[in-house]
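The next block holds one structure in the form of structure tokens; read it before the comments.
Nothing in this text is a laboratory measurement; each read-out follows from the coordinates by a stated rule. All figures in this text were calculated on a predicted structure; none of them were measured in a lab. Every residue, glycine as well, gets a Cβ built from its backbone with ideal geometry; the counts of neighbours run over all protein chains shown.
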Amino acid sequence: MENIHIVALTDEMKEVLHKNDQKFIAAPMATASKEGVPNVAPMASVWLREEATLWICDNFMVKTLQNLQENPIAAFYF
Ligand SMILES: Cc1cc2nc3c(=O)[nH]c(=O)nc-3n(C[C@H](O)[C@H](O)[C@H](O)COP(=O)(O)O)c2cc1C
């Protein structure tokens with residue numbers, strides 16, 4: 001899947017993401033269909049790579065993956 005670059009991450013956000021690397025705390029991931037219907041699913045396999053790229057492991061995504069393929073914008077809560 002293509003990389004969608006994050007616009008800006010504060011140092012605090014990076015710290016939380018790096019802590020999550022080691023603990024596998026699930027973060028709610030919000031996506032939306034191209035019509036804008038929202039969907040939220042917990043994701044634990046999330047890693048910060050480089051300055052502004054998240055890797056998210058697709059183990060069990062169904063609607064999440066379908067939404068990302070038609071609308072690549074997503075949001076996380078950590
Ligand atoms: C604690 C927790 C962590 C999870 N982490 C992931 C993950 O990293 N990757 C993944 O694909 N699914 C993960 N799942 C499973 C998805 O959240 C779950 O299959 C969900 O129903 C997918 O939603 P969707 O069908 O709306 O995409 C996790 C589930 C839980 C409860």
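On a straight-distance basis, which aspartates and glutamates could pair with K34 in a cross-link, Cα separation under 12 angstrom, same-chain partners fewer than 8 positions away excluded?
Of all the aspartates and glutamates, those that pass the test against K34 - Cα under 12 Å, at least 8 places apart if same chain - are E70.
Can you give the helix-only mean residue ellipticity at 222 nm for the chain, where every DSSP H stretch with n ≥ 4 adds -39500 (n - 2.57) and the sum goes over all residues, rounded to the nearest 500 deg cm²/dmol?
Value at 222 nm, helices only: -8000 deg cm²/dmol.
Let me have the relative contact order for the range 11-76, percent, based on Cα pairs under 8 Å that are six or more residues apart.
For the range 11-76, the relative contact order is 36 percent.
Taking a cut-off of 30 Å between Cα atoms, list the lysines near K23, but don't count ones fewer than 8 places away on the same chain.
Of all the lysines, those that pass the test against K23 - Cα under 30 Å, at least 8 places apart if same chain - are K14, K63.
Simple spin-label model, 7 Å along Cα-to-Cβ: K19 to V62 in nm?
3.3 nm
In terms of Cα to Cα distance under 15 Å, which aspartates and glutamates are near enough to K19, apart from those fewer than 8 places away along the same chain?
D11
If you line up the long axis of helix 11-23 against the longest principal axis of the chain, both from Cα atoms, how many degrees apart are they, to the nearest 10?
80 degrees
Taking Rh as the Kirkwood radius, which is the inverse of the mean 1/r over Cα pairs, what is the Rg/Rh value for the range 11-76?
Using only Cα positions, Rg/Rh for the range 11-76 is 0.98.
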